[in-house]
Every structure is written in structure tokens, then in C-alpha cells.
Amino acid sequence: MAAQDASMRMTRQSVPAYSRVAIIGGGISGLAAAKQLAAHDPVVFEATDSVGGVWKHCSYRSTRLQTPRPDYEFSDHPWQNRADPTFPTHAEIVDYLEGYADTFDLWRYISLGSKVVDVKFLGGGAAAGGFFTELWSGTGEPLQGKPMWEVGVANSDGSGEVRYYSFEFVVVCAGKYGDVPRMPVFPPGKGPEVFKGQVMHSLDYCKLNEEETVELMKGKKVVVVGYKKSAIDLALECAQANQGEGGEACTMLVRTLHWVVPSYSIWGLPFFLFYSTRLAQFLYERPNQGILRSMLCRLMTPLRAGVSKFIESYLSWKLPLAKYGLRPDHPFVEDYASCQMAILPDGFFDMADRDMIRFKRASAWCFSENGVVLEDGTEVQADLVFLATGFEGKDKLRAVLPKPFRDLVVDKSGMMPLYRGTIHPLIPNMAFVGYVESVSNLHTSELRCRWLAGLLGGRFALPSVEAMVKHVNGEAEAMRRTTRFYRRHCISTYSIHDSDAMCADLGTRVLRKGNWLAELFAPYNNQDYKEE
């Protein structure tokens, strides 16, 4: 299926001036939305010449998925080689996504090379401070048979022409990663302008082929700023390129430590036992829970701490964290609850033991002529500095949304305030998919797209604005009490409860297993949520 010749895939060649549903982005969330909303003949605007999102355009040659195959598949499109124990490469994931589009004939909805550069609101009342209920006709029904948004699309022909199309509903699947790099800010005279070497963000590195990356790093003193998944992968590639005569070590500049995991096995036990079953998630706080459950969660604090310490003990034994000063001070659960946990690539600490990867801790740093200077005055010489400092995904939204909506994208908690991780209570006739993280973002997005299809199909109605805002605030509070990194909207410690709520809205089964034993002790995955 995925091997189907690209020339045979017929993508959307023209877009009607008025349609019911627009989908912005052709990554995982955009494809899931196209499949679930096919009844509305959606238009998918993808800025690039291919689908796949970050897996196509923001991956290194060594980038792999961080979850096993069976935990990262659509409920109705299993991997052909799902028994393969290796983590899929980014190329395999792109093939899988293209196969998904082939299977469900999604290409007919997709307009490639169509970058959304502007979105205009046609509802009228919001600009003057109109209420949400008025904009949604007071009933919360999203499809009223009249255009609510105008989407401006720039074609890839370089002409600069922007064409506008009207839609009743817009689904934003532009993603949190890629496009807009997060760049550190420096005092005058201490930024990249004083450095004699080369500075590159990881986003630009992704655009190079293998030969170009090796040529870029070989024989050079390289500093990688960051200690998350992209930084770890980049440092390993740098070390591999510098093996042999004339090679130089790569230095990782680490500001905030996070726990890293070598595999999904802890002291011989499968990782899912600790966080991905109903029994395991019963230990953790859920958003908007009642007083009795809150009291119960407080009583179970020692159990939660014990689970975290059990995992930490294994990681400290298995990995040379203390040797390199990389053991975090915070509990493991805080990284898991904020989706900060990273899976180590094979050979990472082997390269560190061979002195090909070095580590420097610094909460602050700046550039000098010959490299970077740490807060204690230590200078690390460099020819090349990589900034693996992340992306400003919310800035992509602010760039296209009109006022006053662009100012509503982030609330005081630092997160996007989304009801069911999809609907902003104060932005009418628009949904956001792909902005909530979990152990399997694909599952999270697919279920939200199914929930959204139920909403647009009239299977249920939204609560009042007040109820949605209260629910969103409750989620932020639950995450804030669970982890210091709560500004990332991550549902990993209550993902089953989150799925239960959407199933209940749709009127489908909440308990998806065949018996109570499996219900308590077996992990939930996408295969449990096949459409009924």
C-alpha cells in the first residue's frame, strides 16, 4: 500500500470557494481528521509537497519512534510488521502514514503545496466582544450552513498570490513542532553575532542529507545545546560522524535534566504496568475529580512515590547517570506526567564512555568568539553550535489567527485551554488537534478526531462556556499539582480516563476490555478503540 507510486496518488487539484470543513496540516492529526470527517468532504491544506508532518520534515536520519509499533497505529490500520520489536524509523512512519492515506483514499481531500497564511473570522460578533453562545447560535451546533471563517492560502508557485476560501468549520492540525524554531535570547554583544563559527538550529539540520551532515560535523568541535530527544539524537550523530582519525568530541550543554529510558522494561517488568493500565492510573489525580477521590489520591501519595523510585533505581543502576552528573533531582513521574521522558538511542552512553560525547551543566550561557561561555566563566571552544532548543508551535497559530483570537491561544497556565483537548471555549467553529501530548500522540489525535466527528455530526452538544472553562482550568490544576513541567498539556497519567470521557460523549462503550481482569491489568491501546 505504502509503496504505491506517488504519481498515482491524486491529490486535490482545486478547492471550491465555499466548503463546510477545512483542515490545516497534513501530518498525523490532519490525516486522522480527514478520515474521520470524510462525510463533510473536507479540504486539507498542506504547506509542503508531502504528508507526514514532522516525521517527513523535522527528523534526523537516526530519528526513531519512542514507542513500540503496536502502541502507535491507527485503530483501523495496523502495522503490517507490528510484531517487529524494533522502534520504527521516521522513514517507516512516513510510509505507514502514506499507506493510511492510500487505504482510505484520503488523497482526494489533500491540497499539497498550499500554505495557510491568513485566517479571517466572518461571524461578526467576536471582534466586538460577542459571546460564544451567540456565535454558535446559542446551541453549540458547529455547522449552521453559513461560512464562519475565511482561509487565505498561498500557492507554492512563488507568485505570492493568496487565495481565500470560506468554510463553516476549521480544524487546525498545524502541529507544535517545526516551522518556527525557539531561539535563545542574549544580551547585546553576547549572541551568535560575536561567534566566529557556525550556528544552526536543529530545524535546519533536519533539511540536510546524510552526506551533508557528516561533512558538516566531521573534524569539528561541536556544541549541542539541549538535553531532550532531538538534542540526544543530534549528539549521537555528531559522535558517529567524528569516529576515527581527526575526529572531535561533541559537547552537550545541559540546562535542565530529564530522565532518559533505555527500553520499555524496568527490572524485567513491562513499562506499561506502571502507568498505562486502569489500576496504575487509579493512583494518579484526574482533572475535576471529586472530594473523595482527591482524599484517596492524597492517601496514595506514598504508593506513587514508590513506583517512581522503583523506576529511578533501575535507571540509576542501568545507566551511568551519576558518573556524568545527569541524574535529575526531581522524581521520574514528573517527567512522565509532562511527556518529557526520552528513549535513549542505541550506543549513546557507549560514545560518552569513549569520550566522543561530553556533558557540561549550565543554567545560563552566552557566545564568545571561539565558542560558548558558561555561567561560571568556563569557555567551551566550538566550530559549530547546534541549538536543539525546541519550537514555538503556538506562534504558528498566532501568526494566522485574527485578533482577538490570537491572544487567546495561551492562558495563564502557559497551555492552550482546550476542552477535551480540542475545542477552545472562546473560539467558535474551530478545533485544534495535535496540541495534547501522551505516550502515543497518534492515539490521542485519532480519538479526538473521532470525538470531533461526533460533534459535527450532532451526536452530542458542547457544554456551556462556563462549564468548558471550568473543565479546562481543572486540567491545568491537576497537571500543576503532578509535575513542575505542567505547561506542556500532557495526559499520560490519566489517558484512559481522558479516553473514557470522549467515549461517553459519543455514547459508545467506556470499558473496552473483555473481562475485569484485563480491564484492571492490561494496557489500553488503539486496537481497543476500533469503531463500533
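The values are calculated or read from the model by the stated rules, or taken from the named source; none is laboratory data. This structure is a prediction, so every number in the text was calculated from the model and none was measured. Positions of Cβ are backbone-derived with ideal geometry, glycine not excepted, and every protein chain shown enters the neighbour counts. Areas reflect the complete protein model, heavy atoms only, side chains present, ligands, DNA and RNA absent. Shrake-Rupley method; radii C 1.70, N 1.55, O 1.52, S 1.80 Å.
Conditions (1) of a type in the set (A, V, I, L, M, F, W, C); (2) touching a Pro at 6+ places or on another chain (Cβ under 9 Å); (3) within 25 Å of Lys115 (Cβ to Cβ); (4) surrounded by 23 or more Cβ atoms within 10 Å (Cβ to Cβ), marked per residue:
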| position | (1), (2), (3), (4) |
| --- | --- |
| Gly414 | no, no, no, no |
| Leu426 | yes, yes, no, no |
| Arg448 | no, no, yes, yes |
| Ala453 | yes, no, no, no |
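For Cys339, indicate whether it is crowded, with 17+ Cβ neighbours inside 10 Å and within 30 Å of Pro428 (Cβ to Cβ).
Details: crowded, with 17+ Cβ neighbours inside 10 Å: yes; within 30 Å of Pro428 (Cβ to Cβ): yes.
Yes.
Would you pick out the residues in segment 369-389 that are in contact with a strand residue (DSSP E or B) (Cβ under 8 Å, 6 or more places away or on another chain), in a loop (DSSP other than H, G, I, E, B) and more than 14 Å from Val222 (Cα to Cα)?
If the condition is that a residue be in contact with a strand residue (DSSP E or B) (Cβ under 8 Å, 6 or more places away or on another chain), in a loop (DSSP other than H, G, I, E, B) and more than 14 Å from Val222 (Cα to Cα), then Glu375, Thr378, Thr389 are the ones that fit.
So which of Leu279, Leu273 ends up being on the phi < 0 side of the Ramachandran plot, touching a Pro at 6+ places or on another chain (Cβ under 9 Å) and part of a helix (DSSP H, G or I)?
Numbers: Leu279 fails: touching a Pro at 6+ places or on another chain (Cβ under 9 Å).
Sole residue among the options that is on the phi < 0 side of the Ramachandran plot, touching a Pro at 6+ places or on another chain (Cβ under 9 Å) and part of a helix (DSSP H, G or I): Leu273.
With respect to Tyr60, is the statement that it is within 30 Å of Pro404 (Cβ to Cβ), touching a residue at least 60 places away in the same chain (Cβ under 8 Å) and of a type in the set (Ser, Thr, Tyr) true?
Details: within 30 Å of Pro404 (Cβ to Cβ): no; touching a residue at least 60 places away in the same chain (Cβ under 8 Å): yes; of a type in the set (Ser, Thr, Tyr): yes.
Judged against the criteria, Tyr60 is not a match.
Only residues that are under 17 Å from His443 (Cα atoms), assigned to a helix (DSSP H, G or I) and open to solvent by 40 Å² or more (accessible area, probe 1.4 Å): list them for segment 506-532, please.
Gln527 - this is the single residue of segment 506-532 that is under 17 Å from His443 (Cα atoms), assigned to a helix (DSSP H, G or I) and open to solvent by 40 Å² or more (accessible area, probe 1.4 Å).
Considering only residues that are open to solvent by 20 Å² or more (accessible area, probe 1.4 Å) and farther than 18 Å from Pro328 by Cα, which ones fall in segment 349-366?
Listed by number, the residues that qualify are Asp350, Asp353, Arg354, Asp355, Met356, Trp365, Cys366.
Being surrounded by fewer than 16 Cβ atoms within 10 Å (Cβ to Cβ), at pLDDT 90 or above and among the polar types (S, T, N, Q): is that true of Gln198 here? Outline the logic, then answer.
Details: surrounded by fewer than 16 Cβ atoms within 10 Å (Cβ to Cβ): yes; at pLDDT 90 or above: yes; among the polar types (S, T, N, Q): yes.
Against the criterion (surrounded by fewer than 16 Cβ atoms within 10 Å (Cβ to Cβ), at pLDDT 90 or above and among the polar types (S, T, N, Q)), Gln198 qualifies.
So for segment 455-476 (the condition being touching a residue at least 60 places away in the same chain (Cβ under 8 Å), among the acidic types (Asp, Glu) and open to solvent by 60 Å² or more (accessible area, probe 1.4 Å)), does at least one residue qualify?
no
Of the conditions (1) under 16 Å from Cys238 (Cα atoms); (2) open to solvent by 30 Å² or more (accessible area, probe 1.4 Å), Glu369 fails just one. Which one is it?
(1)
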